[in-house]
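**Q** Right, I'll just put the structure down here and ask away after.
Every number in this text was worked out from the coordinates using simple rules, so none of it is lab data. As the structure is a prediction and not an experimental result, all values here were calculated from the model. Heads up, the Cβs are rebuilt from the backbone with ideal geometry, glycines too, and the neighbour counts pull from every protein chain shown.
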Amino acid sequence: MTAAIVRFRWRFTTLLASVFVCAGIAGQEPDSAARGSFGVPLQPFSLHETADAGPRAEPIRVAYYAPRSQPALPPRAESVEAEDDLETTNAFPEINSKRPIVAGDRAILRNGIAYAPSHAPDNIKNAIWAVNTLRRKPYVWGGGHGSFNDYGYDCSGAVSFALHYAGLLDAPLPSSDLRHYGRRGRGRWITIYSRNGHTFAIIAGLRLDTTDLRDGGDVGPRWYADSRDTSGFDPRHPAGW
């Protein structure tokens, strides 16, 4: 009888303790849920902005150096000389003002104007630039013999003009005298081809002649890029040139 009473009391006490424990846990659930699984209080939130929401954070502004834009400069205009600018009406050619030049050892011809080679000596360049001023002069028999500056030129007068502005001749010579000018043979920069009745010269690779082989007539002093038959001509050259 006593043992049965003891077992009954133990079961009753255990049941009563379980009831109190469950009641205590039920009372703590809202607080635990509010704190989250790590015991940190959770804040309510909403996908929609509320009227009392605080001001938004301003974006961070970073200062940096920005160079000022420079206006684009216009391209530098190249100086282009018209062909007529090479013509001169003064007593002597203004060879110091118009100096067309090309790189290398040989002159080239563009629109009737000779470009002196950059490797040529200065006196050869001067001769080429001086002859450029004659390119529109007519053929005149005996022209260029009374004076280096004349209205027109014949063949030996034109060659004498070139030699004079190269610093290699003091007075004009006729074709017969040019056959004995300087030294025999071809020169490095100037070769004079003479025979009785006609003279022409090769200067830095270009032919100075008063005869147009295509038209077959005397037209006056002109530059030509092609050669001509030298049969019957005596080649001469200034000493050293």
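**Q** Per residue of region 191-199, what does 6.51 cos²θ - 1.76 cosθ + 1.60 with θ = phi - 60° give for ³J(HN,Hα)? Whole Hz please, x for Gly and Pro, Karplus curve as stated.
**A** In residue order, the calculated couplings are 10, 9, 10, 10, 8, 5, x, 7, 8 Hz.
**Q** Put a dot 7 Å past each Cα toward the Cβ at LYS98 and ASP212; how far apart are the dots in nm?
**A** In this crude spin-label approximation the distance works out to 1.9 nm.
**Q** I've got another one for you. Please rank SER194, SER176, SER227, fewest neighbouring Cβ atoms within 10 Å first, as an exposure proxy.
**A** Values: SER194 25, SER176 13, SER227 10.
Ranked by crowding around the Cβ, least crowded first: SER227, SER176, SER194.
**Q** Please rank VAL159, VAL102, VAL131, fewest neighbouring Cβ atoms within 10 Å first, as an exposure proxy.
**A** In order of increasing Cβ crowding within 10 Å: VAL102, VAL131, VAL159.
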